[in-house]
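Here, each number is a calculation from the coordinates, and none is a lab measurement. Small disclaimer: the values here were computed from a predicted structure and weren't measured. Every residue, glycine among them, receives a Cβ derived from its backbone with ideal geometry; neighbour counts consider all protein chains shown.
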Amino acid sequence: MKSIIKNSKILALFSAAVLSVAVSQQVLAHGDGAPQPVDTTGLKELGKEWLKKNPYKGNEKAIEIGARGYNSNCARCHGLEAKSGGASPDLRYLEDDAEGDEWYINRVRKGYHQNGVTKMPKFEGLISQEAMWAIRTYVDSRPE
């Protein structure tokens, strides 16, 4: 009888270990949530003053860099290729004008909180202005 109880305990511990590894792998499949650096080599430096209008609109290099930045920092919530699955806003539908640019840069810099819940983290101080505008340029290049 002691042997059966001992084997049951070992089986239960083994099952718990396998389950915890499987769950942790699924969670990490979407990244750890920490902002990732974006290499903006090749883009014009923008300086320290925050711009309200996208300086890279239509720039092919910015689209390329923005795609990498988006996939590393935005896709886990806003969807692959900027196609939202519904949990977060579909960024392809942002206004494609100066007003949309200003709304975008403020939201990315400051984040968004609702009823004490962080709906979007702030990225100011974590990724550069150049990276933020490159991501906007990429999103603007995605078809609706």
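Please list 63-69, 112-118 highest first by mean number of surrounding beta-carbon atoms within 10 Å per residue.
Working: 63-69: 22.0, 112-118: 8.7.
Ranked from most to least packed, the peptides come out as 63-69, 112-118.
Think of region 37-141 as having a plus end and a minus end, set by charges on the Cβ of Lys, Arg, Asp and Glu; of G85, A67, Y112, Y112 sits farthest toward the positive end of this dipole. What is the log10 of I(q)/I(0) for region 80-136, computed with the Debye formula using one identical point scatterer on each Cα and no solvent, at q = 0.26 Å⁻¹? After summing over all Cα pairs, the log10 values are -1.27. With bins 10 Å wide beginning at 0, the percent of Cα pairs of region 35-144 falling in each bin runs 15, 52, 30, 3, 0.
Region 44-62 and region 104-138 have Cα centres separated by 15 Å. Between D90 and K44, the contour length at 0.36 nm per residue exceeds the Cα-Cα span by 13.8 nm.
Only lysine pairs 8 or more places apart, or on different chains, with alpha-carbon atoms under 18 angstrom apart are counted in region 37-141, and they number 13. A cut-off under 14 angstrom between Cβ atoms defines the neighbours of W50, and their net charge, with Lys, Arg +1 and Asp, Glu -1, is +2. The dipole here belongs to region 37-137: it is taken about the Cα centre, uses +1 on the Cβ of Lys and Arg and -1 on the Cβ of Asp and Glu, and is about 320 debye.
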